[in-house]
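**Student:** Submitted below is the structure of interest, expressed as structure tokens.
Throughout, read-outs are computed from the coordinates displayed, never taken from laboratory work. Everything numeric in this text was worked out from a predicted model, so none of it was measured. Ideal geometry is used to build each Cβ from the backbone, glycine not excepted, and the neighbour counts take in all protein chains shown.
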Amino acid sequence: MRYIMKQKFLSLTDSFTIQDAQGNPAFEVKGKLLSIGDKLDIHRPGGEMVAQVRQKVLSLGTRYRILRDGEVQAMVKKRRFTLLKDKFKVEMHDGAPDIEIEGNILEHNYRFERAGRPVARVSKQWVSLRDSYGIDVADDEDDVLILACAIIVDMISHDSD
């Protein structure tokens with residue numbers, strides 16, 4: 001499935017709209033204004049919350065939790081000490097194989113792999129005034145999980161800019 005994720009232009013928080021390949025609204029991501037650490041909620045167009053992203057503030061390194069139905073589904077960690085590449089690990093809490101994310105720091109293009117198999121690709125689109133990404137998710141993958149990971153990668157990448 002292909003998605004287009006766009007950061008909202010004049011927003012005080014990290015907020016995104018996510019559309020499917022046909023331009024239909026698929027998800028809305030709303031950040032919390034006054035919070036310690038990043039907090040975002042991912043909703044379907046009708047308002048149903050499908051996931052939450054929470055930064056783990058008191059930890060070594062940058063870490064985010066992805067929650068579904070109040071339970072931690074995964075922990076996303078940025079790997080430190082990588083040369084010219086961003087690397088992240090998505091530790092799954094449900095027994096599924098972990099996801100490795102690797103990308104180009106300057107171009108903001110990322111490849112997601114699970115057990116050596118490609119599961120998603122994120123590419124920054126440079127023709128927009130606001131951050132805009134194309135996200136391709138493999139058919140057998142959890143779209144919401146991959147989208148949440150893409151949002152986290154975007155937030156971490158901009159924190160280091």
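**Student:** Can you pull the one-decimal nm distance between simple spin-label points at D41 and R117, each 7 Å off the Cα toward Cβ?
**Tutor:** So the label points at D41 and R117 sit 3.5 nm apart.
**Student:** Enumerate the amide H contacts of Q125 below 5 Å, restricted to partners 5 or more residues apart or on another chain; note that Pro and chain-start residues carry no placed amide H.
**Tutor:** S132, Y133, G134
**Student:** Is any residue of segment 87-104 close enough, with backbone N under 19 Å, to a label point placed 7 angstrom from the Cα of V72 along the Cα-Cβ axis, and if so, which?
**Tutor:** Residues 88-101 fall inside that zone.
**Student:** Given DSSP loops and a limit of at most 16 other Cβ atoms within 10 Å, what is the longest stretch of the chain that contains no such chymotrypsin sites (Phe, Trp or Tyr not before Pro)?
**Tutor:** Looking at the chain, 10-80 is the longest stretch - no exposed chymotrypsin sites (Phe, Trp or Tyr not before Pro) with at most 16 other Cβ atoms within 10 Å.
**Student:** Something else now. For the pair A21 and K85, how long in nm is the line joining their label points, each one 7 Å along Cα→Cβ?
**Tutor:** Spacing of the two 7 Å Cα→Cβ label points: 2.8 nm.
**Student:** Hey, another quick one. Given the Cα atoms of the chain, and with Rh set as the inverse mean 1/r over their pairs in the Kirkwood sense, what is Rg to Rh to two decimals?
**Tutor:** A ratio of 0.92.
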